[in-house]
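Reviewing the structure listed below.
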Amino acid sequence: MNDLVIMHDKQAVTTSLKVAEVFEKKHQHVMEAIRKLTVENSTVRKMFGEDSYLNSRNQKQPMYYMNRDGFTLLAMGFTGSKVMEFKLKYIEAFNRMEQALKEQQATPFKLPQNYHEALLQLAEQVEINEANQPKVDYYDEFLNNKGLITTTLIAKQYGMSAVELNKFLHAKGVIYKESGKKAWVLYANYAGLGLADYEEFAPNERTIRKTLKWTAKGERFIRDLLAEEGIKTNTQLAEEVALSEPEIEYDGPYFSASEIAWQLRLPNEWVKIIGELANREHLKPIFNNQNIFCRKNFDEYGRLRWEYTKYGARKIEAAINEELSKNVG
């Protein structure tokens, strides 16, 4: 149910592909319903925008974008036990996106008045771009790469590598490697469910290999498996951190990454690793200058540096101990 509504041409929209996926309908049938709505009514036609995507056979296929009004008209004809639940989730998603648009338009852009403000504004924009990048990558790949999603891209949304996600799916009895081959394949009981497809590529002139990629249904299946194990996306974790932050003023000491490394008697190379662990644990603020775990600051040369509260330092210490225990194991 993630990303029901997206931004397109500066307005909140969803797609016929997403509607078909969520309401568990064939995309062809959703397209037919849209064409019936738009065939004789110019007002309705303005609620939909035709576009295209590449299917699993690398063929260009039509699809539609639709705004809130278009979705409402389309969904009126849907029936089923869970239809009302899905409609409410869509309405909520449209409300959130449209509210975000209003807030963005209502907040005037403020030019930085000095060098310090300019650096701070740049750092904030970098953080926001990094937070949004997984969603951008997702839609670029889904619409342009034959409608299939790589394991790497799904894993990225959970802060995992493709290797880690493949190991998880193998442990769950979903995929395996054939003897003497490098490619992952679906076990027989999952092979005919429309979860994935295979793409061929040629690393050299004599070799043709297949790689496993996932359909929208397959991605939803993986998300459900991960959710059953309590594994959450980076976005969900970041939202939880933001919601769980106590509304208090922190007036205790701050520690740099090098100070944390020194306190824990770690070599200098751990300074960079501490920054990576802070990213993994979602300790750094994105939309603010500070939170209960960390704050942005600048040194005398205008370089951005992160400083951690005692709460952030404790989380980093726990993450370091976890990493060290893996190496020992």
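Between Ile175 and residues 5 or more places away or on another chain, which pairs have amide H atoms under 5 Å apart, with H built 1.01 Å from N, and which residues are they?
His170, Tyr187
Treating only the Cβ atoms of Lys and Arg (+1) and Asp and Glu (-1) as charged, compute the dipole magnitude of the range 245-328 about its Cα centre; round to the nearest 20 debye. Walk me through the intermediate numbers first.
Numbers: 12 positive and 14 negative charges, 43 e Å.
Approximately 200 debye in magnitude.
For the range 314-323, in order, what is each residue's ³J(HN,Hα) by Karplus, 6.51 cos²θ - 1.76 cosθ + 1.60 with θ = phi - 60°, in whole Hz (x at glycine and Pro)?
Karplus values, whole Hz, x for Gly and Pro: 5, 5, 5, 4, 5, 5, 5, 4, 5, 5.
Taking only the alpha carbons of the range 6-108, what extent do you get along each of the three principal axes, in Å, biggest first?
Dimensions of the range 6-108 along the principal axes of its Cα atoms: 45, 33, 31 Å.
What is the packing order of peptides 66-76, 254-264, taking the mean over residues of other C-beta atoms within 10 Å and listing the highest first?
Values: 66-76: 19.2, 254-264: 17.1.
Those peptides, ordered most packed to least, come out 66-76, 254-264.
Would you grab the residues whose amide H sits under 5 Å from the one on Phe293? Only those 5+ places off in sequence or on another chain, please, with H modelled 1.01 Å from N.
Amide H neighbours of Phe293, under 5 Å, 5+ apart: none.
Each reported figure results from applying straightforward, stated rules to the coordinates on display, with no laboratory input. Fair warning: this is a prediction, and the values are worked out from it, not measured in the lab. No Cβ is skipped: glycine too gets one built from the backbone with ideal geometry, and neighbour counts run over all protein chains shown.
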